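Worksheet: the structure to be examined is printed underneath.
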Amino acid sequence: MRSIKCAAIRVGLVCAIPLAILAAAPPDDAQTYTATATVKTAGGASATAPLTVVVRQFATDAQRDELMAALKKGGTASARELLAKRTDIGTVQLGDRQVAIKHAYARRMGEGQLVTVVTDKPILFVGGGVPESKPTAGYDLGLVMLEVGTAPGRGELVPATKVKMDAQGAVVTEDYSGEVVQLSNVVKK
């Protein structure tokens, strides 16, 4: 009787281990992008960190229009309220910090695509060229824009931002620090 229980436990563990590994890995249909994030430090040097974006589901045109309507209605606060109700559709990982993606939209651009990712909370507060831990009210979203093509692409990261629409309907961001985090070596895995 004892050997049957042990065999059942071993079989259970053998089955559970692959399931745990699969749960930790992105699904087969997930899109994974990697890049190097670079920002100038207060001393004028550059600091870099690896960036990984995993998108499990892209927004439909209707979902994008809904987000644009929220921005037009009430800027960052309305957009954040809408995004907070949506399920997590991926992750943005900058160094060791990981934040859930609430909106991801891809559109064709020449031979590649422009991928826009939005989080409903800041990815990181960067000020004076160095990471800070002092949140500031209103800078409630994170934004990643990736230009992906046949060669390594580029992009920008706005780790903590306010967002609104101007009179012409263009999306305008106001970065927490004014420092642009450049993304280089953007590759779709």
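Could you tell me which residue of the stretch 148-179 is surrounded by the most Cβ atoms within 10 Å (Cβ to Cβ), considering only residues that are acidic (Asp, Glu) and within 17 Å of the chain's Cα centre (by Cα)? First the steps, then the outcome.
If we filter the stretch 148-179 for residues that are acidic (Asp, Glu), which is where we start, we get 156, 166, 174-175, 179.
Subsequent filtering for residues that are within 17 Å of the chain's Cα centre (by Cα) retains 156, 175.
Working: 156: 16, 175: 18.
Of everything passing the filter in the stretch 148-179, 175 is surrounded by the most Cβ atoms within 10 Å (Cβ to Cβ).
Identify, from the list 92, 99, 115, 126, the residue that is β-branched (Val, Ile, Thr) and at pLDDT below 90.
Working: 92 fails: at pLDDT below 90; 99 fails: at pLDDT below 90; 115 fails: at pLDDT below 90.
The unique qualifying residue is 126.
Could you go through the stretch 37-48 and let me know if any residue there is under 24 Å from residue 161 (Cβ atoms), modelled with pLDDT of 95 or more and in contact with a Lys or Arg (Cβ under 9 Å, 6 or more places away or on another chain).
No, every residue in the stretch 37-48 fails to be under 24 Å from residue 161 (Cβ atoms), modelled with pLDDT of 95 or more and in contact with a Lys or Arg (Cβ under 9 Å, 6 or more places away or on another chain).
Condition first: hydroxyl-bearing (Ser, Thr, Tyr), surrounded by fewer than 18 Cβ atoms within 10 Å (Cβ to Cβ), under 19 Å from the mean Cα position of the chain (by Cα) and within 23 Å of residue 181 (Cα to Cα). Now tell me which residues in the stretch 46-92 satisfy that.
48, 52 - these are the residues of the stretch 46-92 that are hydroxyl-bearing (Ser, Thr, Tyr), surrounded by fewer than 18 Cβ atoms within 10 Å (Cβ to Cβ), under 19 Å from the mean Cα position of the chain (by Cα) and within 23 Å of residue 181 (Cα to Cα).
How many residues are in a strand (DSSP E or B), touching a residue at least 60 places away in the same chain (Cβ under 8 Å) and closer than 19 Å to residue 100 by Cβ when one looks only at the stretch 136-154?
So the count comes out to 3.
Of all residues in the stretch 93-121 being closer than 15 Å to residue 188 by Cα and without any contact (Cβ under 8 Å) to a residue 12 or more places away in the chain, which is surrounded by the fewest Cβ atoms within 10 Å (Cβ to Cβ)?
108
Filter the stretch 155-177 for residues that are in a loop (DSSP other than H, G, I, E, B) and farther than 15 Å from residue 124 by Cβ and give the result. Spell out how you get there, then give the answer.
Going through the stretch 155-177, the residues in a loop (DSSP other than H, G, I, E, B) turn out to be 166-170, 176-177.
Scanning the stretch 155-177 gives 166, 167, 168, 169, 170.
Among the residues of the stretch 85-100, is any of a type in the set (Ser, Thr, Tyr) and in contact with a Gly (Cβ under 9 Å, 6 or more places away or on another chain)?
no
The values are calculated or read from the model by the stated rules, or taken from the named source; none is laboratory data. These figures come from a predicted structure and were not determined experimentally. Neighbour counts are summed over all protein chains in view; Cβ atoms, including those assigned to glycine, are modelled from backbone coordinates with ideal geometry.
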